[in-house]
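Here is the structure we will look at, set down as structure tokens.
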Amino acid sequence: MIAGLDAAGRLDAVVALLREETAVLLGRAPGEVPPSQALQQLGLDSLLAAGLRAAIARRTGVGVPSEVLLRPTGCTGIARYVLAGLVPDAVADDDGADGRGAAAGTSASPWLRVLKPAGRPYARVLGIAGSGGTTDSHVPLIRHLPEGVELLGLQLPGREARKDEAPLLDAAVVADEVTAALAGRLDVPVVLYGHSQGTWLAWEIAHRLTRLPGHPPVSVVAACGLPPHTERPPELERLQSAEALVGAAALDELAVAFRGILPDALLANDKVLAAYVDNLRTDITMARNHEELLRSDSRAPLDVPLVAVGASLDPVLPAAVQSGWAPLTSGPFTLRTIAGTHAAPIENPEAMAAELVAAIPDAGSGR
């Protein structure tokens, strides 16, 4: 493949190979994969990344770590890593001497991953995944959001580019840190979007952002999440039963227990499911700690627009439960339903993106 080529020719050849394999996975033409754009911004999630790693190994014989696939320089950065394995010392790895490089769309803060940049954004959406999830949960939204909407993902310690950090178990500390991380991105309206357990973090961050002097317009979108201070419906016992199996059951048993709760594609991939389960252990503990903390919560309701989004076929959280978010704001409240199961915000991204765009607060409604 690269025999007889000079350094520039070798790089071009490997970049072309990577664009070809990436295009196949994303259902695009190779020409639609810019050589230097972060692949996550094009729609590459952890499931597709596993396929790309396998394709690269098959075509080149080089094993590529997942974090390398998240390089902000896309196929060009990955190609340099591959060439370093094929022709040691023959190519400079200017994405990082240790072969790791920077994660896709990293911002100045490790808490925020830029999933969809916007040159001159008119709004920002901060996505907060449900228990066990990562920023990958929001990748399907990218192609459905307008050009001027920037999409950020909350990146927690202990996973993704922060996998070497100790996990945090205190939701209040996480909310404090994320609010500080957002300080330099408050020039346009902000939508705080949480899915499932992530709705509680979105709600906590909203309380903090709206206490900042001169804060921008803020809205909250709570998708398939049990409202804080709300009695658990009987259907939620299924989710609790599934969570109780974590650490004690085999992956195939967990896949059955979480069917209809997690995306089917995740349940079908043992490697991705195993990583999810590791994250879930941490998030279950953080959720229990948060619930205990809220027993003494006496804060006034938020004063922001709040949109609660239920799923038509959610087996653990009936859409009617979403009305429990109404008392948590004195601002406008909207109740919406999209088609799908508890994983609908991930598996029905077009509908979820439409709700997020509709929830962007008016630019003149800040404090």
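For the stretch 164-213, residues that are in contact with a Phe, Trp or Tyr (Cβ under 9 Å, 6 or more places away or on another chain), assigned to a helix (DSSP H, G or I) and either within 14 Å of VAL304 (Cβ to Cβ) or among the β-branched types (Val, Ile, Thr) (or both) total 5. Residues in the stretch 57-86 that are part of a helix (DSSP H, G or I) and under 14 Å from VAL33 (Cβ atoms): LEU69, GLY74, CYS75, THR76, GLY77, ILE78, ALA79.
Given the structure, is LEU48 closer than 25 Å to ASP264 by Cα, in a loop (DSSP other than H, G, I, E, B) and not basic (Lys, Arg)? So LEU48 does not fit the description; no. Candidates GLY214, GLY184, GLY260: the one that is at pLDDT below 90, more than 22 Å from THR134 (Cβ to Cβ) and under 23 Å from the mean Cα position of the chain (by Cα) is GLY184.
Of the residues that make up the stretch 292-300, is at least one open to solvent by less than 30 Å² (accessible area, probe 1.4 Å) and either farther than 30 Å from PRO216 by Cβ or in contact with a helix residue (DSSP H, G or I) (Cβ under 7 Å, 6 or more places away or on another chain) (or both)? No: zero hits. Scan the stretch 332-350 residue by residue and report those that are part of a helix (DSSP H, G or I) and touching a strand residue (DSSP E or B) at 6+ places or on another chain (Cβ under 7 Å). Within the stretch 332-350, ALA344, PRO345 meet the criteria.
Search the stretch 19-36 for residues being aliphatic (A, V, I, L, M) and touching a Leu at 6+ places or on another chain (Cβ under 8 Å), and hand back the single one that is least open to solvent (accessible area, probe 1.4 Å).
Kept after step one, since they are aliphatic (A, V, I, L, M), are these residues of the stretch 19-36: 23-26, 29, 33.
In the following step, the residues that additionally are touching a Leu at 6+ places or on another chain (Cβ under 8 Å) were identified as 25-26, 33.
Details: LEU25: 60, LEU26: 19, VAL33: 0 Å².
Checked the stretch 19-36; the qualifying residue least open to solvent (accessible area, probe 1.4 Å) is VAL33.
In the stretch 301-324, what residues are at pLDDT 90 or above and open to solvent by 50 Å² or more (accessible area, probe 1.4 Å)? Within the stretch 301-324, PRO301, ASP303, SER312, LEU313, SER323 qualify. Residues that are in contact with a Phe, Trp or Tyr (Cβ under 8 Å, 6 or more places away or on another chain) and either surrounded by fewer than 18 Cβ atoms within 10 Å (Cβ to Cβ) or part of a helix (DSSP H, G or I) (or both) within the stretch 139-158 comprise just one, GLY148.
Restricting attention to the stretch 201-223, which residues are open to solvent by 20 Å² or more (accessible area, probe 1.4 Å) and closer than 21 Å to ALA326 by Cα?
Just the residues of the stretch 201-223 that are open to solvent by 20 Å² or more (accessible area, probe 1.4 Å), to begin with: 208, 210-214.
Once the filter is applied, which keeps residues that are open to solvent by 20 Å² or more (accessible area, probe 1.4 Å) and closer than 21 Å to ALA326 by Cα, the stretch 201-223 yields ARG208, THR210, ARG211.
Determine, yes or no, whether ALA161 is open to solvent by less than 10 Å² (accessible area, probe 1.4 Å) and within 19 Å of the chain's Cα centre (by Cα).
no
The values are calculated or read from the model by the stated rules, or taken from the named source; none is laboratory data. These numbers come from a predicted model, not from an experiment. Note: ideal-geometry Cβ built from the backbone for every residue, glycine included; neighbour counts use all protein chains shown. To get the accessible areas, we keep the full protein, side chains included, count just its heavy atoms, and leave off ligands, DNA and RNA. Shrake-Rupley method; radii C 1.70, N 1.55, O 1.52, S 1.80 Å.
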